[in-house]
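Accompanying notes for the structure given below.
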Amino acid sequence: MFTGLIQTIGLIEQRDLDRLVIHCPDLVAKIAIGDSVAVNGVCLTATQVSDTNFVADVSPETLGRTNLGDRKLKYVNLEMALAVGDRIGGHFVSGHIDGMGKLSDRSLVGNSWELSFEAIPEVARYIVFKGSITINGISLTVSYCNDSGTNFRVAVIPHTYDNTTLKYLDIGSSVHLEGDLLGKYVEKFLKSIHIAPSNLAVPVITPEFLTEHGW
């Protein structure tokens, strides 16, 4: 589990068919073999660690669903897994990518940046106004979205822009998108109510019902 607060930018020094070698001298001292590290929002396991690099195995499933196999990709956002007792400054991020998006526009507004993206429908249904979205592992807030969620915008402060790979994106660049985890659970809960047999009592959602079930 992660929070979407990027700790450093890593450089992919070597890319084989089934592994990545990532250079990150300012973070690698904290990484142990077996640790989970979010690489552009993708949860990977460190299998080797040196003084300046760590190695992560990458499955065909991961390569097929992400752009980590793209040899044009050099810089990646890195975040170590959340530890018990850590502050959650972003939102809950699983590191399991829902789909790809694309940067469609970028504009400087004051000192901050407004970035617009296109999302595939499988991800778009989790995108809501003022909701959380993970873009290349970064926890961001949706400042605008159309009704379907396929077009949305985020506002990015200078610190986030300067200290993540957002600054390296070009118009048309692909990005990893992960929808809000809580939204997925709500969706599944509502689907289970919708398909419940007619002879079963369907609970009415009230403040008392939510309190009883731990909300």
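Name the one entry in SER174, SER107 that is of a type in the set (S, T, N, Q) and within 16 Å of the chain's Cα centre (by Cα).
Numbers: SER107 fails: within 16 Å of the chain's Cα centre (by Cα).
Only one candidate qualifies: SER174.
One line per residue, one yes/no per condition, for (1) surrounded by 24 or more Cβ atoms within 10 Å (Cβ to Cβ); (2) touching a residue at least 24 places away in the same chain (Cβ under 8 Å); (3) of a type in the set (S, T, N, Q); (4) under 28 Å from THR141 (Cβ atoms):
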position	(1), (2), (3), (4)
THR3	no, yes, yes, yes
ILE6	yes, yes, no, yes
ILE9	no, yes, no, yes
ARG15	no, yes, no, no
ARG19	no, yes, no, no
PRO25	no, yes, no, no
GLY34	no, no, no, no
ASN40	yes, yes, yes, yes
THR45	no, no, yes, no
**Item:** Qualifying residue in segment 147-163 (condition: touching a residue at least 40 places away in the same chain (Cβ under 8 Å), exposed (fewer than 15 other Cβ atoms within 10 Å of the Cβ) and either among the charged types (D, E, K, R) or out of contact with any Lys or Arg (no Cβ under 6 Å at 6 or more places or on another chain) (or both))
**Value:** yes
**Complete:** All conditions in (1) part of a loop (DSSP other than H, G, I, E, B); (2) small (Gly, Ala, Ser); (3) surrounded by fewer than 19 Cβ atoms within 10 Å (Cβ to Cβ) are true of ALA29 except (1)
**Complete:** With criteria (1) part of a strand (DSSP E or B); (2) within 14 Å of the chain's Cα centre (by Cα), ILE6 comes up short on (1)
**Hey, ILE171 among the aliphatic types (A, V, I, L, M) and either modelled with pLDDT under 80 or within 26 Å of MET1 (Cα to Cα) (or both) or not** = no
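The values are calculated or read from the model by the stated rules, or taken from the named source; none is laboratory data. Computed from a predicted model, the values in this text were never measured in an experiment. When we count neighbours, we look across all protein chains shown, and the Cβ atoms used for this are built from the backbone with ideal geometry, even at glycine.
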